[in-house]
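Every read-out reported here was derived from the displayed coordinates using simple, explicitly stated rules and does not represent laboratory data. Just so you know, these numbers come straight off a predicted model, no measurement behind them. Neighbour counts are summed over all protein chains in view; Cβ atoms, including those assigned to glycine, are modelled from backbone coordinates with ideal geometry.
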Amino acid sequence: MIFFGHRFLASKSFYHIQSIEAIQNTPPSSTLFVVFSENNLDIIEHMKRNQLPFALSIKNITELLYASALGTSYIIVEKNLAKTSQNIAQEYLMDAKVLAFISDEEDIEELGLLGIDGVIFADAIVKINS
């Protein structure tokens, strides 16, 4: 299992951007974080075209499939969608890792037993302004 933002396990950060211009304010080689939305397709296409590693937060299975087709490295889901998302990711041999967004360490065991690729805590996401 991969851990991001855990209080005692070192990990890289994700940089939450809301515009293409905000990318300039992120460290080199950082993983960008965007909430999947039709309004953000220009940002997503820019990241894909420039081969920038990025994570997409999704709300449903349709968005999961879009995220994979768009070439994201990480797909971030709420805990209740994690198992279904992981099953689909394995069925379609997706390259992206499925990360469950959690706030309580007690969820780690359950998600581990379900075979989820990883977990992400809020501390792993750094908000970047334009």
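Among the residues of the range 18-44, those identified as more than 16 Å from the chain's Cα centre (by Cα) and over 15 Å from Ile128 (Cα atoms) are Glu38, Asn39, Asp42.
Residue-by-condition table, conditions (1) in a loop (DSSP other than H, G, I, E, B); (2) under 18 Å from Phe4 (Cα atoms); (3) in contact with a Gly (Cβ under 9 Å, 6 or more places away or on another chain):
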site	(1), (2), (3)
His46	no, no, no
Leu64	no, no, no
Ala82	no, yes, no
Ser85	no, no, no
Ile116	yes, yes, no
Val119	no, yes, yes
Asn129	yes, no, no
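On inspection, Leu93 does not qualify as part of a helix (DSSP H, G or I), free of Cβ contacts under 8 Å to residues at least 40 places away in the same chain and either more than 24 Å from Asn25 (Cα to Cα) or not β-branched (Val, Ile, Thr) (or both). Selection of the range 9-29 for residues being buried (at least 18 other Cβ atoms within 10 Å of the Cβ) and closer than 23 Å to Asp117 by Cα yields Phe14, Tyr15, His16. The lone criterion from (1) in contact with a Pro (Cβ under 9 Å, 6 or more places away or on another chain); (2) assigned to a strand (DSSP E or B) left unmet by Thr72 is number (2).
One line per residue, one yes/no per condition, for (1) farther than 27 Å from Lys83 by Cα; (2) in contact (Cβ under 8 Å) with a residue 24 or more places away in the chain; (3) exposed (fewer than 13 other Cβ atoms within 10 Å of the Cβ):
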{"site": "Arg7", "(1), (2), (3)": "no, yes, yes"}
{"site": "Arg49", "(1), (2), (3)": "yes, no, yes"}
{"site": "Ala55", "(1), (2), (3)": "no, yes, no"}
{"site": "Tyr66", "(1), (2), (3)": "no, yes, no"}
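Restricting attention to the range 78-101, the residues that are buried (at least 16 other Cβ atoms within 10 Å of the Cβ) and farther than 16 Å from Thr62 by Cα add up to 5. If you go through the range 30-44 and keep only what is farther than 21 Å from Gly5 by Cα and surrounded by fewer than 20 Cβ atoms within 10 Å (Cβ to Cβ), you end up with Ser37, Glu38, Asn39, Asn40, Leu41, Asp42.
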